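J.: Please find one structure pasted underneath; my questions will follow.
Bear in mind that the values in this text are calculations on the coordinates, not laboratory data. As the structure is a computational prediction, the values presented were derived from the model and not from experiment. Don't worry about glycine lacking a Cβ; one is built from the backbone with ideal geometry, like all the others, and counts go over all protein chains shown.
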Amino acid sequence: MSSFFKYFSDLFKGVKSLLKGMAVTNRYFFSPGEIVTEQYPENRNKMKMYDRFKGEVIMIHNEHNQHHCTGCGICETSCPNGSIEIISKRIDLPDGKKERVIDKHIYHLGMCTFCGLCVKNCPSHALAFGQRFEHAVYDRTKLNKILNHPGSSIIKDIEE
């Protein structure tokens, strides 16, 4: 007898959920001033993405073309699928000490799952999400970017 009540209880919950969804649809359908559908290809120039949108990962540069990345590698280790590579080198300072500096911060956009772990775990807050979302290319290698050189965003030759 309990399966009989469970069946009708589930049926009632399903109908209630359907009516609730249809109420939302009817509210948008009959309100003339509220447009919720974006006409994407036509309004490409005036389209604004929301602040919480997770686009491609970018490295923030100031007006002097400097960034805050220290090359610590935390973003590389926190990435679940290895879409970030950091190539660092050591330079000699004038006082005789050696310092590690970032040579290339490589971002493989085609492998990225946009999970946000790299942006969240960056201790120097050097990474952020960009607003760009159109990445359709015929050559997959064009999705590889060097983030610490903002002028050259596409990798020409990684092994330089």
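J.: Among the Cys residues of the chain, which have no other cysteine Cβ under 4.7 angstrom away?
T.: That list is Cys69, Cys72, Cys79, Cys112, Cys115, Cys122.
J.: Also, quick follow-up: Where does helix 2-30 land angle-wise versus the long Cα axis of the chain, in degrees 0 to 90, nearest 10?
T.: 70
J.: Using helices alone, what [θ] at 222 nm do you get for the chain, with -39,500 (n - 2.57) per DSSP H run of 4 or more residues, divided over all residues and rounded to the nearest 500?
T.: Per the formula, -7500 deg cm²/dmol.
J.: Moving on to the next point. Using amide H atoms built 1.01 Å from N in the peptide plane, name the residues 5+ places from Ser83, or on other chains, whose amide H lies under 5 Å from its own.
T.: Distant-sequence amide H within range of Ser83: zero hits.
J.: Give the calculated FRET efficiency between Phe30 and Phe4 to the nearest 0.05, with a Förster radius of 35 Å applied to their Cβ-Cβ distance.
T.: 0.35
J.: Here is a further query. If you build a Gaussian network model of the chain, linking Cα atoms that sit under 10 Å apart, which residue out of Val57, Val101, Val119 swings the most?
T.: Largest GNM mean-square fluctuation: Val101.
J.: Report Rg(Cα)/(2.2 N^0.38 Å) for the stretch 57-146, keeping two decimals.
T.: Normalised by 2.2 N^0.38 Å, the Cα Rg of the stretch 57-146 equals 1.18.
J.: Here's another thing I want to ask about it. The stretch 59-98: D in µm²/s via Stokes-Einstein (Kirkwood Rh, Cα pairs, 4 °C, 1.567 mPa s)?
T.: 104
J.: Could you pull the Rg and Dmax for the chain, using just the Cα atoms, both in Å?
T.: 24.2, 86
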